[in-house]
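These notes are about the structure you will find just below.
Values quoted throughout were computed directly from the atomic coordinates according to the rules given, and no laboratory measurement underlies them. Treat the numbers as computed from the prediction; the structure is a model and nothing was measured. So basically every Cβ, Gly included, is an ideal-geometry build from the backbone, and we count neighbours across all protein chains shown.
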Amino acid sequence: MRHTALVLILACIARPLPAQEKTDEGPMNEKAQKMYREALEYLHRRVPEAALDSFKKADKQDGSHCLACQKKMIKYGIELRE
């Protein structure tokens, strides 16, 4: 009984690990990566309006699968009240 409980707990812990993806790396599409880097450059230059537009474009070019882009869009959208 004790071993069964231990095996069950380990199975529950280990199972989600392979399902996790690298989600915060940015877009996968090459054009979207270029737009994402451009957006980061706009942030470096302190032009968040242009950065927000570039994050939107990067996410669209990546098929709306770029979690990093979406997080940045939410952050700067709230900041800029858009």
### Query
Expressed in nm to one decimal, what extension gain is obtained for the pair E30 and E82 from 0.36 nm per residue of sequence separation less their Cα-Cα distance?
16.0 nm
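What's the extension gain from H65 to E49 if we count 0.36 nm per residue and subtract their Cα-Cα distance?
Working: separation 16, 0.36 × 16 = 5.76 nm, distance 2.16 nm.
Roughly 3.6 nm would be gained on extension.
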#### Entry: Spacing of the two label points (7 Å from each Cα toward its C-beta) at K75 and R37, in nm
2.0 nm
